[in-house]
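What follows is a set of notes on a single structure, which appears directly below.
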Amino acid sequence: MKEIIYIQAGQLANYTGTHFWNTQEAYFTYGEDEHSEIDHDVSFREGSTSNGESTYSPRLLLFDRRSNFGTLSSNRGLYDTNEGDLQQESLWNGGVAEYRQDHIPPSNYHVRLDHEAGDDDKSLETDEDGVAPQVSESDVRFWWDYSRVFLHPRSMRRLPDPPDWESTEGNWVGSKDAFERHNTDTDLMEESFRSFVEECDNLQGIQVMNDTSTFGGFTGSFLTAYRDEFPRLPCLVIPLMSYSLPGHVRTDNDMGMRTVINDALYLHGLASLSTMTVPVQAPETWVAGEWLNGIDLKHKSVYQTSALLSAHIETATVPLRLRGSMEDLDSVCGVLNWGGSNRFAHLSGAFPLPSPPQAQRDFVRRAYDFSLISGGQEKAEDNFQATRLEFARIYVARGFSSSDRRQLDAWTESRRPLPYTIFAPAYPVPSSFPTFLDSPAASTGDKLRAPTTRVLSSLHTTSRTSEMFAAYAAVVDDCVRRGAEVLSAMELEKDDTIELRDDLWALRDKYVGLEEGDAITEDLELDVDEE
């Protein structure tokens, strides 16, 4: 067994992470003769409640602003304490006027789950009609409202809410006070992280997912300390990029420009801190198209878009948790970075897949690239064009029948370089998942097991990553040439900004691969030969 420690920071990261952990919970089995294909010890730690009952909780460090935690308290199923009810001793003997915020009621979903657990076996989640409690999107106020797992109190780190006049968007450092707050918060993070490390027998690495706009600097500070202490331990980072796309923000939009430069700074730092980085573009920037067939997706619903992201992130990384799998973070990153200089990958996939799948329709046109900077004016179909300048690719196919596997294998045989394909069990769809699928997930025939659906996800390194670095380098270069005030507002020295620009161009050059002209010529020659 090789454990993974997970880190989530930011609102979108925690919305996505909540779906991720609900999926992990769906893999648990409760019958004596049942066997799970997932090794739970990779991602979960065993502990006990105050009553001595055995429990599993994620190996997770979770960070967010205090106001985003909603009804989550440190007593959620593990300990009989409540932060709001703790009585603290005071040296003041005079009168005290106490004001308390109104109690936030639990979500209807949690009320129903608690009711079922109290009235029947805790593993049974169906009501008297045999229907599982479903999440109503109108009831989702916070990411915790649809969580199905218990968190250890040490997992939760509430960061103070910023004053009303201070924005956290695009705040890499910003000021001496902000820098000191980063250091204070990061110290707390390191303290909790070490306690999780000490519980592991054979730590394979960490998986980080964070919002770049609000937690880029915070996560960057932690990863710097992590690298100092664990220089060789693999680190997979999934930065959830801001909705401010380079090249699509007006130069007089100070907040938008701050956010773009913040993203550039974070990506630049990850080039040396992360073993493999998989940037994911903000849901607001996704381009509608054929890839959404089968899903009635609301782009403005963070509850829905985070579920779709989680399905692909969980699927792409499930080989790390399969029982008996030889894959780990080091080997997966090694396959993607076979040349030694490609430490940024793309996440793409098709969800859900019909049965039986058709190669061109489902493996190509419905395989959306979530890492590609699309922009509002680009046709969605441009995302589906397979580039010949691909360095490596790992496919993870969920719920494929033997005939489906043969079809996928036959299709991948014609691709170069030859992709590495891993087949895994079908993707479980717990009752906390949005009801946006046109066709319901297939029933497992067991009321204790979540229905399932088929997914195809992939991680791949490609020359198209150069487009991302070129876009950010161009924005930084423009700011340097104009002497933009946003640089001084972020306390960035001119020399440091020039160095950032040059490094981004250097990163761009690493991903160009073959000369684009040669690639086009090669394609034209192939077309002539075929004719």
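The numbers here are math on the coordinates, done by the rules we state, and not lab data. Quantities reported herein were computed from a predicted structural model and do not represent experimental measurements. Positions of Cβ are generated from backbone atoms using ideal geometry, with glycine treated the same way; all protein chains shown enter the neighbour counts.
Quick notes on this structure:
- Footprinting exposure proxy for D362, D161 (fewest neighbouring C-beta atoms within 10 Å first): D161, D362
- Net charge of neighbours whose Cβ lies under 9 Å from the Cβ of R323, counting Lys and Arg as +1 and Asp and Glu as -1: -1
- Local charge for L308 was computed over the other residues whose Cβ lies under 12 Å away, with Lys and Arg +1 and Asp and Glu -1, and equals -1.
- Highest average first, the peptides 463-476, 58-71 ordered by how many other beta carbon atoms sit within 10 Å of their residues are 463-476, 58-71.
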